[in-house]
1. Please compute the modelled spin-label separation between residue 41 and residue 60, points set 7 Å along Cα→Cβ, answer in nm with one decimal.
2. Okay, which of the stretch 33-66 sit inside 15 Å, backbone N to the point 7 Å along the Cα-Cβ direction of residue 8?
3. Where does the chain land at 222 nm, in deg cm²/dmol rounded to the nearest 500, when only DSSP H runs of n ≥ 4 count, each adding -39500 (n - 2.57), divided by all residues?
4. Obtain the radius of gyration and the Kirkwood radius of the chain from its C-alpha atoms and give Rg over Rh.
């Protein structure tokens, strides 16, 4: 069974918080073939970085990241 990595992001004041964690999550999936779950406390801040994201969805998958 493959381990799942959980990354938690608390958006404080700008896109740097979510930008770094989103880039890390995608990189772990793409370069290391890891299962990654990204937890974000402000999905509205995430949508500009990932236009396919839905701020109202309880759970979603984007670019291989859960």
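1. Placing both labels 7 Å along Cα→Cβ, they lie 2.1 nm apart.
2. Those under the cut-off are 37-42.
3. Details: 2 runs with 22 residues, N = 66.
So the calculated ellipticity at 222 nm is -10000 deg cm²/dmol.
4. That ratio is 0.94, to two decimals.
Each value in this text was obtained by applying a stated rule to the coordinates, not by laboratory testing. Predicted, not measured: the structure shown is a model, and the values here were computed from it. Cβ sites come from the backbone with ideal geometry, for glycine too, and all protein chains shown count toward neighbours.
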